[in-house]
Amino acid sequence: MHGLFRGFNAILYKEFLVVLRDPLTLFFMFFPPLIEMIAFGYALDNDVKHMAMVVLNEDRTVESRQLIERFVNTQTFRVVGEVQSVDELAGAIRRGKAYVGLQIPPNFTRDLRAGRNAQVQVLIDGSSSTIAGSALNTALGLAFRESVFRLLGETGRRELPVEVRPQILYNPAMRSPNFFVPGVIGVVLQIATTFATAMSLVRERERGTLEQLMVSPLSRWGLMLGKLTPYLCIAMVMAAGLFGVMQWLFHVPIAGDTTALMIATLLYIFALLSLGLLISTRAQNQIQALQMTMIFILPSVFFSGFIFPRETMPWIFYEIGSVLPATYYIELERAIVLRGASLHDFWLNIVILAGMGAFLFSLCALRFKQKIA
């Protein structure tokens, strides 16, 4: 074992000195991930609130004004103006001044008091599916609730024939940060760690110091592990800081065991650093290393379940997500942070992350050659 990792202590000491004396590397490992986490944490939000709405109220009665107030009280809509015709209503949506247009016809109150079907038209800008879906669901839910209350008043019943009492577990307030922020940590860690090690051997080659390493009595395994370990320590400190920001800034508590979370994070970071080292053994310069790293980062954002559920993806993208470390870490991280799960509950994710890390580290060590082409 000593011969297998020959030279590990020397490389470890050298790499720690290089990293700690390079403020630019430390800056890019700590500052950009922090900014990215804060930006993504606030920007990624499925809770659509206060959408701009224009109103065409042709009825001008108390009932019509109460209906507009109920739309506003849902906090999904906010009235930004009134128009005098259907053309103005459609034009405001077309010009992007509003996402929703509410038209109340002149006979609305008369039909309502007569017990007839009182119709209201809601125009929705469908160019954004998320906004359109939220507006449509809110409008239909409000109309259904109003209809039920009026029918109960007419029939004299005090209770609904059927009542559903849902109970939301683990995230009762349905806050988007509780879902997105743990995933953001997984993506940010991948960006920072993979870039860091992907540049390590490339910098050695460009500076001309790789020849010195190759003529030194070092083993491949000792060189790779020595290159990886300093970044592993720094990345774990960074991960602990990101979890602190998650709790302090975004108010996302960790429901599960913190030790289990850090063990999963350690295995995930080791796999990412090994992937970066594998890239650095292949790339000839920093531009190539950057391009090859982006090949793995973008699929991790879209196919790992970070934003979109993997179950809804076509099979080919689902399978691509199955070979990404971020897929298993984000699933495990959300389970520990939100649902209080243990490593025993997700032992398969732990085994896969450990297996990926061991495979990638072994592959990059075997690919490294003790000579310069």
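Worth a mention:
- Residues in region 107-126 that are closer than 17 Å to residue 54 by Cα and open to solvent by 60 Å² or more (accessible area, probe 1.4 Å): 121 alone.
- Verdict on residue 247 being touching a Pro at 6+ places or on another chain (Cβ under 8 Å), free of Cβ contacts under 8 Å to residues at least 12 places away in the same chain and open to solvent by 10 Å² or more (accessible area, probe 1.4 Å): yes
- Of all residues in region 289-322, those that are touching a residue at least 12 places away in the same chain (Cβ under 8 Å), in contact with a Lys or Arg (Cβ under 9 Å, 6 or more places away or on another chain) and in a helix (DSSP H, G or I) total 6.
- The set of residues from region 265-307 being within 19 Å of the chain's Cα centre (by Cα) and loosely packed, with under 14 Cβ neighbours inside 10 Å comprises 294, 295, 298.
- Residue ID - nearest to residue 96 (Cα to Cα), chosen from residues in region 110-126 that are assigned to a loop (DSSP other than H, G, I, E, B) and under 48 Å from the mean Cα position of the chain (by Cα): 125
- Scanning region 205-237 for residues that are open to solvent by less than 20 Å² (accessible area, probe 1.4 Å) and either β-branched (Val, Ile, Thr) or at pLDDT 70 or above (or both) gives 219, 222, 223, 224, 226, 227, 228, 230, 231, 234, 235.
- Every residue from region 49-82 that is outside any helix (DSSP H, G or I), open to solvent by less than 30 Å² (accessible area, probe 1.4 Å) and not acidic (Asp, Glu): 51, 52, 53, 54, 55, 56, 57, 76, 77, 81
- Looking at 95, 21, just one residue is exposed (fewer than 13 other Cβ atoms within 10 Å of the Cβ), among the basic types (Lys, Arg) and modelled with pLDDT under 85, and that residue is 21.
- Candidate set: region 159-189, residues that are in contact with a helix residue (DSSP H, G or I) (Cβ under 7 Å, 6 or more places away or on another chain) and not hydrophobic (A, V, I, L, M, F, W, C); chosen: the one most open to solvent (accessible area, probe 1.4 Å): 170
- If the condition is being under 21 Å from residue 46 (Cα atoms) and open to solvent by 60 Å² or more (accessible area, probe 1.4 Å), then region 308-329 contributes 308, 309, 311, 312.
The values are calculated or read from the model by the stated rules, or taken from the named source; none is laboratory data. Keep in mind that this is a model prediction, so the values were computed, not measured. All Cβ positions, even for glycine, are placed from backbone atoms using ideal geometry, and neighbour counts span all protein chains on display. Accessible surface areas use protein heavy atoms only, side chains included; no ligands, DNA or RNA. Shrake-Rupley method; radii C 1.70, N 1.55, O 1.52, S 1.80 Å.
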